[in-house]
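Notes for the one structure printed next.
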Amino acid sequence: MNYSQRYHELNAQFQLGTNTHLTESDIDIRFYSFKSLPLSAKDEKVIANPADETISENLAFVYPIFVPQKTKKSTNAILLMHGLNERNWSKYLTWAEYLCEKTGKPVILFPIAFHMNRSPIAWSNPRALQPLMDFRRKLNGDDRTLSFANVALSERISEKPIRFYSSGRQSMFDLTQLFTEIKSGMHLLFAENTQIDIFAYSIGAFLSQITVMTNPENLFTDSKLFMFCGGGIFSSMSGESRSIMDKPAFSRLLNYYMTDFATEAAEKSVHDKGFESFLSMISPEQNQTEREGFFKRLGNKVSGISLVKDYVIPYEGVVKALGTECAKKCIRLLDFNFPYTHENPFPIGDKQNTKDVDASFKSIFSNASHFLA
């Protein structure tokens, strides 16, 4: 497999909202509609900003599923969870195709709240973002971590860091709704009591850990979880990146959750299992015994791969989250012999390292496919 070539081929064929049969493949992409309820409809106290509740793109959207051709009703599914501050599915098309092909299971690409096609187009439009760029440059000086790619999220987090939690809450409600629809047999593609496992990357792994720990309505009891470049404790993460958020925004985010969140949340948050699960993933000492015990009890239902040069969600943070024993047993620490980053683990168009990139991609996703098969 030529990873770069297939990346470009799939992106040329993928059109949001348009069902497609992939060339040179026995896989179809089918789109399904989803309606999300605003947090206020769930009796949620923490509303980051009332205006967020009116963003129509976040409440009604479509999501793609990679489906083995001729599938009518499946009894298995893989949920693929993406990373922070992403606006399109480009990076994940090759990932989803490989998982679908090797496991024979449909792969669901579900967007986190206010991400992908759940965000206004203006958040990705340089012309529309120029005034905000000028504002943050004036406010923070010559910050080299600022970019058109991260300016919208940087401003939203700087303004209201509680958005990180509230959007996660909404996403967990959405996953509960999705799993309920699938497992009850109401989804057009899936049979009743379908087994749903999870492939989670980056912040998608953080959300998945919290959701599996919370286990709303016992929907996630049997789910296996594979984490790639994810699984770390929040305090060990570093979100400073031209692809994620600028330095002032991440400093604000980190400071808020390490010092202010627990106190403010005592008055404003719903103190349920979801809140406690989130809180336990903020710092190593918070609910450490319960958190590490939970991941240890998952046993062979959790696995993953961390990368040596991943500085956004480093392996040491994964150890702090899962505990030394569980991390050593379940998570492999690997390195590639070509330049890569957390945000771009498989560089596209690097002709000098094409064979190494292809081999590394196959190694990672063969491992994931075997675990999720």
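The values are calculated or read from the model by the stated rules, or taken from the named source; none is laboratory data. From a predicted model like this one, the values you see are computed outputs, not experimental measurements. Note that we place each Cβ from the backbone using ideal geometry, even for glycine, and neighbour counts take in every protein chain shown.
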Test: residue in region 265-277 that is modelled with pLDDT of 95 or more and either buried (at least 21 other Cβ atoms within 10 Å of the Cβ) or in contact with a Ser or Thr (Cβ under 9 Å, 6 or more places away or on another chain) (or both): yes
Filter result for the condition that a residue is part of a loop (DSSP other than H, G, I, E, B), out of contact with any Cys (no Cβ under 7 Å at 6 or more places or on another chain) and either among the polar types (S, T, N, Q) or in contact (Cβ under 8 Å) with a residue 60 or more places away in the chain (or both), over N11, N58, N76, N88: N88
Count - residues of region 222-248 that are of a type in the set (S, T, Y) and either in contact with a Gly (Cβ under 8 Å, 6 or more places away or on another chain) or over 22 Å from I305 (Cα atoms) (or both): 2
Only one of S208, S243 that is under 30 Å from L139 (Cα atoms), of a type in the set (S, T, N, Q) and touching a residue at least 12 places away in the same chain (Cβ under 8 Å): S243
Residue tally, condition farther than 19 Å from S202 by Cβ and either touching a helix residue (DSSP H, G or I) at 6+ places or on another chain (Cβ under 9 Å) or modelled with pLDDT of 95 or more (or both), over region 325-352: 9
Unmet requirement for E217, which otherwise passes all of (1) modelled with pLDDT under 95; (2) of a type outside the set (G, A, S); (3) at positive phi: (1)
Count - residues of region 30-51 that are free of Cβ contacts under 8 Å to residues at least 60 places away in the same chain and either buried (at least 17 other Cβ atoms within 10 Å of the Cβ) or touching a strand residue (DSSP E or B) at 6+ places or on another chain (Cβ under 8 Å) (or both): 3
Helices (runs of 4 or more DSSP H) lying entirely in region 287-345 (those with 1 or more residues that are surrounded by 15 or more Cβ atoms within 10 Å (Cβ to Cβ) and touching a Lys or Arg at 6+ places or on another chain (Cβ under 8 Å)): 315-322, 324-330
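Every residue, every condition in (1) touching a residue at least 12 places away in the same chain (Cβ under 8 Å); (2) assigned to a helix (DSSP H, G or I), yes or no:
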residue	(1), (2)
D222	yes, no
F226	yes, no
G232	yes, no
F250	yes, yes
L254	yes, yes
A265	yes, yes
F275	no, yes
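This table checks each residue for (1) within 25 Å of S158 (Cα to Cα); (2) basic (K, R); (3) under 22 Å from the mean Cα position of the chain (by Cα).
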{"site": "L10", "(1), (2), (3)": "no, no, yes"}
{"site": "K35", "(1), (2), (3)": "no, yes, yes"}
{"site": "K45", "(1), (2), (3)": "yes, yes, no"}
{"site": "D52", "(1), (2), (3)": "yes, no, yes"}
{"site": "E57", "(1), (2), (3)": "yes, no, yes"}
{"site": "F61", "(1), (2), (3)": "no, no, yes"}
{"site": "P64", "(1), (2), (3)": "no, no, yes"}
Residue match in region 9-29 (condition: within 30 Å of A262 (Cα to Cα), in contact with a Ser or Thr (Cβ under 9 Å, 6 or more places away or on another chain), surrounded by 15 or more Cβ atoms within 10 Å (Cβ to Cβ) and modelled with pLDDT of 95 or more): no
Sole residue being farther than 29 Å from S369 by Cα and either aliphatic (A, V, I, L, M) or modelled with pLDDT of 95 or more (or both), chosen from A113, A96, A152, A77: A152
Residue count, region 277-332 (criterion: more than 23 Å from S223 (Cα to Cα), more than 19 Å from the chain's Cα centre (by Cα) and among the aliphatic types (A, V, I, L, M)): 1
Failed criterion for A128 (all others in (1) surrounded by fewer than 16 Cβ atoms within 10 Å (Cβ to Cβ); (2) in contact with a Gly (Cβ under 7 Å, 6 or more places away or on another chain) hold): (2)
Filtered residues of region 232-256 (kept if surrounded by fewer than 21 Cβ atoms within 10 Å (Cβ to Cβ) and among the aromatic types (F, W, Y)): Y256
